[in-house]
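The values are calculated or read from the model by the stated rules, or taken from the named source; none is laboratory data. Predicted model only: the values in this text are computed from it and were never measured. Here the Cβ positions follow ideal geometry from the backbone for every residue, glycine too, while neighbour counts run over all protein chains shown. Each accessible area value is taken on the protein alone, full model and side chains, heavy atoms only, with ligands, DNA and RNA left out. Shrake-Rupley method; radii C 1.70, N 1.55, O 1.52, S 1.80 Å.
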Amino acid sequence: MSRRLLALAVWLVALAGAGAGGAAYALALEERNDFCASCHTQPEGDYYRRTLKPVPADLASLHTAKTVRCIDCHSGPPPLGRKDGLIQGAQDTLAYFSGAYRQPAVTTHPLPDTNCTRCHAAVFQSKSLNNHYHYYLPGWQSQQPNQASPCIACHSSHSTAEGHIVRFAPDTRINRVCAACHAFEGIR
């Protein structure tokens, strides 16, 4: 009986080691944009190819030009932020191999504001005309968290939308957000 327990213990330790090693390997691989793009289907493949061009075509390719990696935006804050990406990756892998993967890919986990504000916290400090929305946004979000527009409402990282574009935010998106904020403030 003790041999079986010893064999089971060795097997469990080996399984745990393989799992931990696999997670460590996945964490190392996701540091590379080309690895992320190798598994993603359309439209993510196009997003990655745009990052390789010399002139940024969207917000993601502008970030890449500044040596920001995909995982820097597509993971939560430390220390447990990477677990969400690993879980999503495992779910996507299972869906792919089971034949249940949607094509084209559908984003079901939009980036939360904390993923943007880790690097862009200073955006809330300036009350200038060109930045007044960001200045007032935290107050709106504290009073109406389900109504206040998140960063991605205006700044779609992978959009190449038409129209007047300021800082990779097309006016076709901004105008709705401006109207909602002005309505909240009672300003016409």
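Distance between the pseudo-spin-label points of residue 123 and residue 98 (7 Å out from Cα toward the beta carbon): 3.6 nm. Taken per residue, the accessible surface of the chain reaches 69 Å², heavy atoms only and a 1.4 Å probe.
Here the spin labels are modelled as points 7 Å beyond Cα on the Cα-Cβ line, and at residue 6 and residue 87 they lie 3.9 nm apart.
Among 16, 65, 100, determine the one that fluctuates most according to a GNM of the chain built with springs between C-alpha atoms less than 10 Å apart. For the chain, modelled as a Gaussian network with Cα springs under 10 Å, the answer is 16.
By the helix-only formula, in which each DSSP H run with n ≥ 4 contributes -39500 (n - 2.57) and the sum is divided by residues, the chain has a 222 nm mean residue ellipticity of -18000 deg cm²/dmol.
Across 80, 12, 59, mean-square fluctuation computed from a Gaussian network of the chain (C-alpha pairs under 10 Å connected) peaks at 12.
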